[in-house]
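Worksheet: one structure, shown below.
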Amino acid sequence: MSENSSAFSLQPPVSSVASSGIIVQKYGGTSVANPERIKHVARRLLETQQEGNSVVGVVSAMSGVTDGLIQLSKQISTTPTSREMDVLLATGEQTSMALTAMAIEALGGKAVSLTGAQAGIVTNELHTKAKIHHITPQQIEKHLKQGKVVIVAGFQGETEEGEITTLGRGGSDLTAIALASALGADACQILTDVDGVYTCDPRIVPKAQKIEVISYDEMLEMAGSGSKVMQSRSVEFAKKYSVSFEVCNSFNTQPGTIVKEESPCMEQVVVRGISVERNQAKVTITNVPDRPGCAARIFGAIAEAQLNIDVIVQDVSANGTTNISFTLYRDDLEKIGTMLDCVAQEIGAGAVRKEGGIGKLSVVGIGMRTHSGVAAKLFEALARGGVNIQMISTSEIKIAVIVDEADVVLAAQLAHTAFGLDRS
Ligand code: ADP
Ligand code: ASP
Ligand code: MG
């Protein structure tokens, strides 16, 4: 199994319906934030086992711990190596896995905690955002056969050479989904601090509703455009290996959101959900000569600096020149430094303008493939609320607009109402 290649040891597809087989349950940072919550997670894992299942728990670091470790490293060095960052960050999950296993044993259950390496998660060498190469879960299987609840540290793996790696922020989701696939699990649940995937982040749109079923593609677009309830790489993996999963609340037992293969009836809903991304920035290179090679030179320099950019817009050419704008994370703005000024000078373009304070709103739904008028409805709703659109980008199932960061919450609420998503 690999995140990159399609070569994969065929495993039975995973269903999200609980049955008496293997269940993988992932508990996020807020669910293991303190000793009381860890004990609650332990009880829940044991109950799942008592229902007749073999249970694998994947745990994140306790809430705030990963951020705290990153802050700590900054006080030591401005240029820590990514290898040492991985060694450091992996300790967060190692703490919560041991505490969870202890909590289960304190309740009279049998449990064992395993690091990513012990669980057989082998990755490539790309420290801090390593890709899973394959998983050999023999240790997990051995402990499950002995009747233990197996607690695996999320977010981490090991290279073939035995180096500790991590899987990118939010990577415990990926650990859970990849393990579910490798174990041929019967169910995979992502337990978090909300009841499921909502039509928009409920902290942004209080009238947001829980979605019952969502397709991989919709979840992927939402996760990739700011709905951080799922790590987008984990959804990519789930889609690639047909791992259906449920996102639900670790603090109650309500049914959550099922993420699965799309079915024809899903297209009846035009907009499934809305995502918001703050902390964006916009760069505009003015008066770029309208000739082949200029865009390549600009974006080649950006690629060389390893900057991730998002929406790109090129104006209609006038008098032989054009303006090119793109967005990126605000924190990456300073990495651009004077690099683009040099490129602009070299190709004979004008000034380079950089602006922070930019936000992105995305509306997502596979129904867009078969319904027209979605863009018009969105733009009308934003216009009524006086929200100015700076840039627009579309894909088959998503329309994204770039707006002033100060407007993005209002924009989300307006769009949510316009597409009939508000809870009544
Ligand atoms: P965990 O620590 O369990 O991994 P996260 O903080 O990563 O949890 O994800 C849960 C949070 O995601 C929620 O508290 C919520 O604020 C946020 N979120 C963003 N978009 C959505 C959405 N569309 N539906 C539900 N939650 C969302
Ligand atoms: N602890 C890691 C993070 O905060 C991984 C995770 O929580 O999924 O990003
Ligand atoms: Mg998360």
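Quick note: the coordinates plus some simple rules give every number you see, no bench work behind them. Bear in mind the structure is a predicted one, so any value in this text is a computation, not a measurement. Reconstructed Cβ throughout: ideal geometry from the backbone, glycine too, with neighbour counts over all protein chains shown.
In order along segment 300-309, the Karplus-derived 3J(HN,Hα) couplings, from 6.51 cos²θ - 1.76 cosθ + 1.60 at θ = phi - 60°, round to x, 5, 5, 5, 4, 7, 6, 9, 8, 10 Hz, and Gly and Pro are given as x. Averaging 1/r over each pair of different alpha-carbon atoms in the chain and inverting the result gives 23.0 Å, the Kirkwood hydrodynamic radius. Sorted ascending by nearby beta carbons within 10 Å, beginning with the fewest, ARG233, ARG278 become ARG278, ARG233. The gain in end-to-end length when the LYS207 to GLN138 segment is fully stretched comes to 20.3 nm, 0.36 nm per residue minus the alpha carbon separation. When each of the peptides 129-138, 191-200, 388-397, 56-65 is scored by how many other beta carbons lie within 10 Å of its residues on average, the order from highest to lowest is 56-65, 191-200, 129-138, 388-397.
Taking amide H positions as modeled 1.01 Å from N, with prolines and chain starts lacking one, the residues under 5 Å from ALA111 and 5 or more places away or on another chain are VAL149. Listed values for segment 314-328 are Karplus-derived 3J(HN,Hα) couplings in whole Hz (6.51 cos²θ - 1.76 cosθ + 1.60, θ = phi - 60°), namely 10, 5, 5, 6, 9, 6, x, 10, 8, 9, 10, 10, 8, 10, 7, and x replaces Gly and Pro.
The H on the amide N of VAL213, modeled in the peptide plane, is under 5 Å from the matching H of ILE258, each at least 5 residues off or on a different chain.
Where the alpha-carbon atoms of segment 167-267 are placed on the principal axes, they occupy 38, 32, 27 Å, in descending order.
Using Cα atoms only, what is the angle between the long axis of helix 408-418 and the major principal axis of the chain, expressed in degrees (0 to 90) to the nearest 10? For helix 408-418, the angle is close to 80 degrees. Distance from the C-alpha centroid of segment 76-126 to that of segment 396-420: 38 Å, rounded to the whole angstrom. Using C-alpha pairs below 8 Å separated by at least 6 residues, the relative contact order for the chain is 15 percent. In the Gaussian network model of the chain, springs joining C-alpha atoms below 10 Å, which of THR286, THR257, THR123 carries the largest mean-square fluctuation? In the Gaussian network model the winner is THR286. Take each peptide in 175-187, 347-359, 217-229, count the other Cβ atoms within 10 Å of every residue, and average; sorted highest first, the result is 175-187, 217-229, 347-359.
Note: segment 73-163, Cα convex hull, 82 Å³ per residue.
Full extension of the chain between ALA305 and SER77 gives 79.9 nm of extra length, using 0.36 nm per residue less the Cα-Cα distance.
Build a GNM of the chain with springs between Cα atoms under 10 Å apart, and of ALA375, ALA411, ALA106 the one that fluctuates most is ALA106. Computed over segment 236-317, the convex hull of the alpha-carbon atoms projects to a mean area of 10.5 nm². When the P(r) of segment 318-424 is calculated, the portion above 18 Å amounts to 59% of the C-alpha pairs. For the Cα trace of segment 326-382, dividing Rg by the Kirkwood Rh returns an Rg/Rh value of 1.19. Considering the zone a paramagnetic label at ASN279 would reach in this model (a point 7 Å from Cα along the Cα-to-Cβ line), which residues of segment 307-326 have amide N under 19 Å from it? Residues 307-311 fall inside that zone.
Computed packing ranks the peptides 23-36, 294-307 as 23-36, 294-307, most packed first, by mean other Cβ atoms within 10 Å. A straight line joining the Cα centroids of segment 181-252 and segment 288-348 runs 35 Å.
Once the chain from ASP67 to ARG423 is taken as fully extended at 0.36 nm per residue, the excess over their C-alpha distance is 124.8 nm.
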